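Everything on this sheet refers to the single structure shown next.
The values are calculated or read from the model by the stated rules, or taken from the named source; none is laboratory data. Fair warning: this is a prediction, and the values are worked out from it, not measured in the lab. Cβ atoms come from the backbone with ideal geometry, glycine included; neighbour counts cover every protein chain shown.
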Amino acid sequence: MMANSIEKELSPVLFEDCNKEKIVLLSTISSEKSIPVMNAISWFIALDEKTIRFAIDQRSLVVSNVETNSTVSFSLFSNETVYNILGDAKVLTKQMPSIPLKLACIEVNINEVKNILFYGSKIITEPQYAKTYDERAAKKLDDAVLNGLRALEV
């Protein structure tokens, strides 16, 4: 994907990368103040080239923001660049089944995908993070949430 070209769906490389554990920046419009709000999330998957799902704590303001204004934006590092994905979101459920935490599942229909990195550059190292609690428990929870996102019937 060339810089600043606008696509209507995820490329095969970006689709694959959206299904790896990574930091994704989610922007919504505040339901209270009508201003942009950004959150860092990791429970994020691409179901297909046009559909993304993510999980978030059901008490998060993201849920009410999406219910008030369905437009969302994701920014993520992939393929030596930074992408912005714009779409329309809807809350599929406020309680994902078989998950011990109170998580909402939100589905996004992709409207556009754009390389937003400035001209003449590339990302040489993507951000990484470490879980600060029990690694086995984190892996078990992550697997359950990601599998739940894939399996949720609408």
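Where strands (runs of 3 or more DSSP E) sit wholly within the range 2-112, none has at least 1 residues that are in contact with a helix residue (DSSP H, G or I) (Cβ under 9 Å, 6 or more places away or on another chain), at pLDDT below 95 and exposed (fewer than 13 other Cβ atoms within 10 Å of the Cβ). The residues in the range 119-154 that are in contact (Cβ under 8 Å) with a residue 60 or more places away in the chain and either surrounded by 10 or more Cβ atoms within 10 Å (Cβ to Cβ) or basic (Lys, Arg) (or both) can be counted, and the count is 10. Does residue 49 meet the test of being in contact with an Asp or Glu (Cβ under 8 Å, 6 or more places away or on another chain) and farther than 23 Å from residue 130 by Cα? For residue 49, the condition - in contact with an Asp or Glu (Cβ under 8 Å, 6 or more places away or on another chain) and farther than 23 Å from residue 130 by Cα - is met. Only a single item in (1) closer than 17 Å to residue 31 by Cα; (2) in contact with an Asp or Glu (Cβ under 9 Å, 6 or more places away or on another chain) is not met by residue 108, and it is number (1).
Is at least one residue of the range 120-136 on the phi < 0 side of the Ramachandran plot and not in a loop (DSSP other than H, G, I, E, B)? Looking for residues that are on the phi < 0 side of the Ramachandran plot and not in a loop (DSSP other than H, G, I, E, B), one finds at least one in the range 120-136, hence yes.
Only one entry of 70, 98, 27, 75 meets the criterion of being more than 20 Å from residue 112 (Cβ to Cβ), in contact (Cβ under 8 Å) with a residue 12 or more places away in the chain and among the hydroxyl-bearing types (Ser, Thr, Tyr), and that entry is 98. Might you let me know whether the range 128-143 holds any residue that is within 17 Å of residue 85 (Cβ to Cβ) and aliphatic (A, V, I, L, M)? The answer is no; no qualifying residue exists.
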